[in-house]
Amino acid sequence: MKQKKIVYVGLAADILHEGHINILKIAKKLGDVTVGLLTDQAIASYKKIPVLNFNQRKVVLKHIKFVKKIIPQHTLDYRHNLKLLRPDFVVHGDDWKTGVQKKTRNQVISTLKKWGGKLIEPKYTKNISSTSIKSKLAELTPSSRVTTLRRILESKKLVRVLECHSPLSGLIAENTKIEKKGRVEEFEAMWSSSLTDSSVKGKPDNQALDFSSRFYSLGDLLDVTTKPLIFDGDNGGRLEHLPFTIRTLERLGVSAIIIEDKIGLKKNSLFADQSGSRQDTVKHFCKKIELIKKTRNSKDFLIGARVESFILGKGLNDAINRAKSYSKSGADLILIHSKEKTPKEIFSFAKIFKKTKEFKPLICVPSTYSSTKESELIKNGFKIVIYANHMLRAAYPGMKSAAEVILRNKRAYELEKRISSVKEIINLIK
Ligand code: SPV
Ligand code: MG
């Protein structure tokens with residue numbers, strides 16, 4: 001009997017639509033179809049993580065009559081699976097001739113050539129894609145947003161978080177993308193910073209702005225965005241109030257809270273003078289962590305414990321001991337803070353903490369050591385990087401110099417070239 005041809009189709013198959021069915025139908029006519037189902041990690045390398053995880057997507061595909069077999073495709077790059085299978089055909093919509101996947105397409109063509117395989121490219125089904133369906137469904141519920149940070153953590157090497165102090169800056173975090181070396185780079189999550197929330201309201205970062213006011217603004221930000229948000233909870237406030245804070249955050253759809261181990265009148269950690277700032281006892285701070293753990297509705301609402309030992313000149317041993325205790329008490333993430341010009345101290349911390357059984361994913365906030373590249377952070381064991389104040393620091397000089405230009409020229413004409421047109425602003429929000 002004539003052997004059936006081998007046909008390979010790489011798919012993310014997050015939300016199956018007629019475009020997928022069209023491709024699979026054509027593939028089936030050519031032979032036995034093996035789907036290389038992209039893993040969550042592979043998808044996360046070029047776009048948002050899928051709504052359905054790998055196993056959920058696999059179950060759906062398994063029941064499509066055109067599919068004979070499903071294997072995981074661990075990278076966007078097809079070559080590994082192609083060499084394994086040596087298919088006679090690869091079928092893919094012709095949309096990948098341009099854009100992020102162009103390089104992958106060229107690799108597929110040259111790999112298939114080695115054994116005389118052929119790439120078949122049916123015309124892309126217009127006006128339909130999982131991405132466009134997902135944006136129509138963007139009405140995500142708060143509880144579905146809460147869960148996304150944990151899933152992103154499982155799929156990304158480094159989770160980039162951008163400070164957002166307003167709905168407009170949230171839209172920037174939501175929509176800003178660049179393409180570099182065939183990869184789309186974007187932010188995975190937002191940071192609600194006590195420093196920038198306070199500054200926007202013209203108040204110092206010492207909890208003069210209370211949680212209720214911050215929650216109110218947070219609602220506006222969450223209204224127009226879909227990415228997960230990490231909340232800077234200062235020291236969490238009084239134990240007696242903490243359960244209410246956690247319930248509100250979860251109800252709003254926040255994915256994580258980070259609390260810092262300081263007590264007394266709050267002072268921003270980047271101030272040179274930390275006199276008067278005290279570190280909490282390990283025992284009392286652990287109580288807060290345990291209480292959040294007990295209060296949260298979902299395990300996907302993550303607890304971040306922020307170690308301030310370096311900020312207060314306490315040194316490495318203190319930082320490690322505290323991180324270990326916080327982790328044992330239930331912290332899901334550890335933020336090791338520093339206001340040094342280099343990441344030396346946080347890297348020494350990571351090196352030791354990584355080897356302990358209490359290890360949890362590490363967060364850093366490179367405000368003072370901003371010359372450190374993300375690749376170095378990854379190499380040194382960091383999983384989340386928070387760009388904690390940069391949106392506001394970028395907006396402020398722009399607004400200030402605009403005010404000065406008007407005063408200097410006694411008109412706004414000189415500003416026109418340096419600012420957005422009214423049309424641009426009107427069209428910004430559709
Ligand atoms: C914030 O952004 O408010 C923070 C980080 O807590 S830092 O300002 O570095 O303390
Ligand atoms: Mg803060």
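Nothing in this text is a laboratory measurement; each read-out follows from the coordinates by a stated rule. As the structure is a prediction and not an experimental result, all values here were calculated from the model. Backbone-built Cβ (ideal geometry, glycine too); neighbour counts: all protein chains shown.
To the nearest 0.05, how large is the calculated FRET efficiency for VAL282 and ARG251 if R₀ is 22 Å and r is the Cβ-Cβ distance?
0.15
Considering only LYS288, LYS324, LYS102, give the residue with the highest GNM mean-square fluctuation for the chain, with springs between Cα atoms whenever their separation is below 10 Å.
LYS102
Quick one: putting +1 on the C-beta of Lys and Arg, -1 on the C-beta of Asp and Glu, what dipole do you get for region 6-132 around its Cα centre, in Debye to the nearest 20?
Its charge dipole is roughly 280 debye.
Going by amide H atoms built from the backbone, whose H comes under 5 Å of the H on TRP191, apart from near neighbours?
The list, which skips near neighbours in sequence, is LEU162, GLU163, CYS164, ILE230.
In degrees, nearest 10, range 0 to 90: what is the angle between the Cα axis of helix 316-329 and the longest Cα principal axis of the chain?
Taking Cα atoms only, the helix is inclined about 70 degrees.
Over the C-alpha atoms of region 71-129, what are the Rg and the largest Cα-to-Cα span, Dmax, in Å?
Every Cα atom of region 71-129 included, Rg and Dmax give 11.7, 35 Å.
So in region 203-322, what percent of DSSP beta bridges are antiparallel if you round to the nearest 5?
Around 20 percent of the beta bridges assigned by DSSP in region 203-322 are antiparallel ones.
5 Å is the cut-off here: which amide hydrogens, built 1.01 Å from N in the peptide plane, fall below it relative to LYS262, excluding neighbours closer than 5 in sequence?
Those lying under 5 Å, H to H, from LYS262 are ASP280.
Find the relative contact order for the chain and round it to a whole percent, using C-alpha pairs within less than 8 Å whose residues are 6+ positions apart.
With pairs under 8 Å counted, the relative contact order is 12 percent.
Give the residue from ASN317, ILE406, THR75 lying farthest towards the positive end of the charge dipole for the chain; charges sit on Cβ (+1 for Lys and Arg, -1 for Asp and Glu) and the dipole is referred to the Cα centre.
Positive-end residue among those listed: THR75.
For VAL159, enumerate residues with amide H under 5 Å from its amide H, sequence gap 5+ or separate chain, H modeled in the peptide plane.
Residues meeting the amide H criterion: ILE384, VAL385.
Across region 56-66, in residue order, what do the Karplus-derived ³J(HN,Hα) couplings come to in whole Hz, using 6.51 cos²θ - 1.76 cosθ + 1.60 with θ = phi - 60° and x for Gly and Pro?
Values, residue by residue: 5, 5, 5, 4, 5, 4, 4, 9, 8, 5, 7 Hz.
Which ³J(HN,Hα) values, rounded to whole Hz and listed in residue order, are derived for region 418-425 from phi using the Karplus coefficients 6.51, -1.76 and 1.60 in 6.51 cos²θ - 1.76 cosθ + 1.60 with θ = phi - 60°, glycine and proline given as x?
9, 10, 5, 6, 4, 4, 4, 5
Between LYS83 and LYS373, what is the FRET efficiency for a Förster distance of 35 Å, r being their Cβ-Cβ separation, to the nearest 0.05?
0.60
Considering only the other residues whose Cβ falls under 9 Å of the Cβ of LYS97, what net charge follows from Lys and Arg at +1 and Asp and Glu at -1?
Overall, the nearby charge balance is -1.
Helix 344-353: angle to the longest alpha-carbon principal axis of the chain, degrees 0 to 90, nearest 10?
Compared with the principal axis, the helix lies near 70 degrees.
Relative to the longest principal axis of the C-alpha atoms of the chain, give the angle of the C-alpha long axis of helix 282-295, reported between 0 and 90° and rounded to the nearest 10°.
It works out to around 50 degrees.
So for the chain, what are the equivalent ellipsoid semi-axes in whole Å, largest first, each being the square root of 5 times an eigenvalue of the Cα gyration tensor?
Values for the chain, descending: 44, 28, 20 Å.
Put +1 on the Cβ of each Lys and Arg and -1 on the Cβ of each Asp and Glu in the chain; which of TRP115, ILE303, LEU168 then has its Cα farthest toward the positive end of the dipole?
Going by the charge dipole, the pick is TRP115.
Please give the net charge around LEU30, taking every other residue with its beta carbon less than 11 angstrom from that of LEU30, where Lys and Arg add +1 and Asp and Glu add -1.
Within the 11 Å Cβ shell, the charges total +4.
May I ask for the percentage of alpha-carbon pairs in region 1-158 that lie more than 22 Å from each other?
Tail fraction, whole percent: 42.
Taking springs between alpha-carbon atoms closer than 10 angstrom, which of LYS203, LYS293, LYS65 fluctuates most in the Gaussian network model of the chain?
LYS65
Which whole-Hz ³J(HN,Hα) couplings does region 117-125 yield from phi under the Karplus relation 6.51 cos²θ - 1.76 cosθ + 1.60, θ = phi - 60°, glycine and proline marked x?
Each residue's phi maps through the Karplus curve to give x, 10, 9, 10, 10, x, 4, 4, 6 Hz.
How large is the convex hull of the Cα atoms of region 138-388 per residue, expressed in Å³ as a whole number?
In region 138-388, the Cα hull volume divided by residue count equals 122 Å³.
Report, in whole Å, the centroid distance computed from the Cα atoms of region 361-424 and region 30-53.
Distance between centres, Cα-based: 35 Å.
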